[in-house]
Amino acid sequence: MSRRRQIYEGKAKILYEGPEPGTIIQYFKDDATAFNNQKKGTINGKGVLNNRISEHIFTRLGHIGVPHHFIRRLNMREQLVRQVEIVPIEIVVRNVAAGSLTKRLGVEEGTPLPRTLIEYCYKDDALGDPLIAEEHIACFGWASQDEMNEIADMAIRVNDFMCGLFAGINIRLIDFKLEFGRIWDGDYSRLLLADEISPDGCRLWDMESDEKLDKDRFRRDMGGEVEAYQEVARRLGLLPEGTANEVLDLEQHRKKRGK
Ligand code: TMP
Ligand code: ASP
């Protein structure tokens, strides 16, 4: 597979040129980073699980009419997606206070927010993805006001759907990050949900125990990262039919350890 032209290597994924024009291949790595790359590590099998979880969520969002970049899964670690021009904004949607919000504003982690909060960060690793106000976006031309209205509407739809999806498997969706991209048709562009949706970019807590089933286990040195990601995949119904060897290997490994 190394014959393909690599377009970009990010912290958790590699992008390759796709087989047809306008497509790219997302390869999901096991690499994990946190705090803007200051903490680095590997979560064995994460890429396989995220590829599958993200496929599932994008497909389900497609069923309710959210336009997205996902085309099809190619193999354990790769999926074919539409090539988009990424809007350089990370959209963070929050239902419950956690992470940077608690540090920034002194709110206690786990406090339910009276309304869904949308925050924007400028996607720039060198600057550490700084939090920005919506006004900065139009001011610097990162997206138009119309695009931002559409993005905010879509983010709320995605949140409503994902809250229900996860509530159905006894998981509370605390917060998550989305990215959008443009596809061009002449002078006109359309927005698509892009990147990935996985426990790397979501906070997912078990409804009853508040156990963290997401990348906070890595960020906070809690251990059990793979088991947590697997548990999310299992509850979503993605593991039983997983004849995928790596996933089964991980399962067996877990069983051997009696967890
Ligand atoms: P935060 O509390 O660190 O701001 O993160 C909020 C949510 O967004 C959390 O679920 C993790 C996700 N996120 C990313 O996936 N990538 C990022 O670069 C940031 C800042 C947040
Ligand atoms: N993804 C970001 C990083 O790798 C932030 C995070 O997820 O904590 O630094």
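The values are calculated or read from the model by the stated rules, or taken from the named source; none is laboratory data. The shown structure was predicted, so the numbers you read here are calculated from the model rather than taken from an experiment. Cβ atoms come from the backbone with ideal geometry, glycine included; neighbour counts cover every protein chain shown.
Of the residues making up the stretch 123-137, those that are within 11 Å of ligand 1 (Cβ to nearest atom) and in contact with a strand residue (DSSP E or B) (Cβ under 8 Å, 6 or more places away or on another chain) are LYS123, ASP129, PRO130, LEU131. Specify which of the listed residues (ARG217, ARG190, ARG172, ARG182) is within 15 Å of ligand 2 (Cβ to nearest atom) and not acidic (Asp, Glu). Answer to the selection: ARG217. Are any residues in the stretch 21-35 modelled with pLDDT of 95 or more and farther than 14 Å from ARG77 by Cα, and if so, which ones? Answer for the stretch 21-35, where residues must be modelled with pLDDT of 95 or more and farther than 14 Å from ARG77 by Cα: PRO21, GLY22, THR23, ALA32, THR33, ALA34. Residues that are more than 14 Å from ligand 1 (Cβ to nearest atom) and within 14 Å of the chain's Cα centre (by Cα) within the stretch 4-26 comprise just one, GLN26. Checking each residue in the stretch 168-190 for being surrounded by fewer than 19 Cβ atoms within 10 Å (Cβ to Cβ), touching a strand residue (DSSP E or B) at 6+ places or on another chain (Cβ under 8 Å) and aliphatic (A, V, I, L, M) picks out only ILE183. If you check ILE64, ILE71, ILE24, ILE43 for being touching a Ser or Thr at 6+ places or on another chain (Cβ under 9 Å) and of a type in the set (A, V, I, L, M), only one passes: ILE71. Would the stretch 183-200 turn up any residue that is touching a helix residue (DSSP H, G or I) at 6+ places or on another chain (Cβ under 7 Å), away from ligand 1 (no atom under 11 Å from the Cβ) and at pLDDT 95 or above? For the stretch 183-200, residues touching a helix residue (DSSP H, G or I) at 6+ places or on another chain (Cβ under 7 Å), away from ligand 1 (no atom under 11 Å from the Cβ) and at pLDDT 95 or above: present. Checked against the criterion of being of a type in the set (D, E, K, R), within 16 Å of ligand 1 (Cβ to nearest atom) and over 14 Å from the mean Cα position of the chain (by Cα), the stretch 67-87 contains not a single residue that satisfies it. Among the residues of the stretch 36-65, the ones that are in contact (Cβ under 8 Å) with a residue 40 or more places away in the chain and either crowded, with 16+ Cβ neighbours inside 10 Å or of a type in the set (Ser, Thr, Tyr) (or both) come to 13 in all. Looking only at residues of the stretch 86-104 that are assigned to a strand (DSSP E or B) and not β-branched (Val, Ile, Thr), we find that the one that is nearest to ALA133 (Cα to Cα) is GLU90.
Of the strands (runs of 3 or more DSSP E) contained entirely in the stretch 119-213, those carrying at least 1 residues that are over 20 Å from the mean Cα position of the chain (by Cα) fall at 171-185, 188-194.
Any residue in the stretch 47-56 that is under 28 Å from GLY164 (Cβ atoms), within 13 Å of ligand 1 (Cβ to nearest atom), of a type outside the set (Ser, Thr, Tyr) and touching a strand residue (DSSP E or B) at 6+ places or on another chain (Cβ under 6 Å)?
Yes, because at least one residue in the stretch 47-56 is under 28 Å from GLY164 (Cβ atoms), within 13 Å of ligand 1 (Cβ to nearest atom), of a type outside the set (Ser, Thr, Tyr) and touching a strand residue (DSSP E or B) at 6+ places or on another chain (Cβ under 6 Å).
Within the stretch 194-212, the set of residues being more than 15 Å from ligand 2 (Cβ to nearest atom) and within 28 Å of GLU109 (Cα to Cα) comprises TRP205, ASP206, MET207, GLU208, SER209, ASP210, GLU211.
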